[in-house]
1. Between ALA163, THR144, THR76, whose Cα lies farthest towards the positive end of the dipole of the chain when Lys and Arg beta carbons carry +1 and Asp and Glu beta carbons carry -1, centred on the Cα centre?
2. Kirkwood Rh, Cα Rg: Rg to Rh for the chain?
3. What relative contact order, as a whole-number percentage, does the stretch 17-90 give when Cα pairs under 8 Å and 6 or more residues apart are counted?
4. Using only the Cα atoms, work out Rg/Rh for the stretch 94-194, with Rh taken as the Kirkwood radius, to two decimals.
5. Given Cα positions, please report Rg to Rh for the stretch 237-278, the hydrodynamic radius being the Kirkwood one.
6. Using the per-residue mean of other Cβ atoms lying within 10 Å as a proxy for protection, in what order, highest first, do the peptides 279-288, 52-61, 124-133 fall?
7. Taking the Cα centre of the stretch 5-95 as the origin, how large is its charge dipole in debye, to the nearest 20, when only Lys and Arg (+1) and Asp and Glu (-1) carry charge on their Cβ atoms?
8. Round to the nearest 10 and give me the degree value, 0 to 90, for the angle of helix 121-132's Cα axis relative to the longest principal axis of the chain.
Amino acid sequence: MKISIVGAGHVGSTTAYALLLKGLCDELVLVDVAGDLAEGEALDLRHCRAGLNFSGEIIGTDDYSATRDSDMIIITAGMARRPGMTRMDLREKNIEIMKSIVEELMKYNDDTLLFAVSNPVDVMAYTAYKESGLPAHKVFGLGTLLDTMRLRSIMAERVGMEAALSGAYVLGEHGESMFPVFSQMSADVPLDELNDLFEDVVKGGIKVIEKKGATFYAPGLSIADAVEAVAKDTQDVLPVSVFLEEHGIYIGYPAVVGRGGVKPSKMTLSPEEDEGFNRSIEVLKKAQRGI
Ligand code: NAI
């Protein structure tokens, strides 16, 4: 698979590393307005060749023509949050950046999968969908896959790995209105305890940013999980950002992911979870209006 990553900053470069470690591509392109940065990251990664037994191309550039005929393009470019900011604070600036990037990409790619990571990610996925003219099943975003991994990781520390891997999810907006889904879990853990630890998921990203300036290991790994589903055509159900026709928006919702793209799945939510879902829908309808 040829994979291109636009944005060679913290998240883009860590994603590139995760993809190579997991052996998920045979050609990798990093594009960034900061051409030297992209070149430097690519060079550093090329020095891993022997260790990974990887002989495919690894290119870093500011020239979009290098992305020609990519199977999948991951967009991690744009402004990142600083302490005190919500993801929605990045909306205006990153919509402009996303539009200009997609316009460039579509000159060299007419049948690719676009995967948005930049925040606010659901708004970015919608922008990429509108701007690219690609069908909705070919455009998706990281959604609440990262939040789901954060939730399960915190659960692993506090209530044990078995419960953590027994079917907990985060769905909705990748932002302030995201909500936990515990109704699918096979493990029996008191709901109060679970709801308490969810607080740390909502604040998880900004806490890392406050301490080290950016968050990239967990994002990079969760992006690699989505890429793996595509590369291996697993048809796994993942909580990515998908277009829900009936609401006309992109939102974090379980979807079947494979080589051909994404298809929203179905999950029966409890009445409380349903309320959370409706709240996120309202937030995202407002945020995606007029793009
Ligand atoms: P960063 O600042 O380290 O990297 C961003 C890169 O984008 C920079 O290298 C910059 O030169 C590049 N860039 C800016 N405008 C560009 C353009 N027009 N064309 C090409 N490249 C351009 O930021 P970081 O930490 O890597 O975060 C990137 C984005 O990902 C942010 O919007 C952040 O909020 C988001 N993010 C999303 C997550 C999610 O779960 N969806 C998780 C973590 C970060």
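1. Highest projection toward the positive end goes to THR76.
2. Working: Rg = 18.1 Å, Rh = 19.0 Å.
Ratio of gyration radius to Kirkwood radius for the chain: 0.95.
3. Numbers: 70 pairs, mean separation 23.3, N = 74.
So the answer I get is 31 percent.
4. Details: Rg = 17.2 Å, Rh = 15.2 Å.
Using only Cα positions, Rg/Rh for the stretch 94-194 is 1.13.
5. Details: Rg = 10.8 Å, Rh = 10.9 Å.
Reported Rg/Rh, Kirkwood definition of Rh: 0.99.
6. Working: 279-288: 18.9, 52-61: 15.5, 124-133: 23.6.
The most tightly packed comes first, giving 124-133, 279-288, 52-61.
7. Numbers: 9 positive and 14 negative charges, 104 e Å.
The dipole of the stretch 5-95 has a size of about 500 debye.
8. On a 0 to 90 degree scale, this one is about 50.
The values are calculated or read from the model by the stated rules, or taken from the named source; none is laboratory data. Fair warning: this is a prediction, and the values are worked out from it, not measured in the lab. Because the Cβ atoms are built from the backbone with ideal geometry, glycine has one as well, and the counts that use them run over all protein chains shown. Just so you know, the surface numbers come from the protein's heavy atoms only, side chains and all, with ligands and any DNA or RNA stripped out. Shrake-Rupley method; radii C 1.70, N 1.55, O 1.52, S 1.80 Å.
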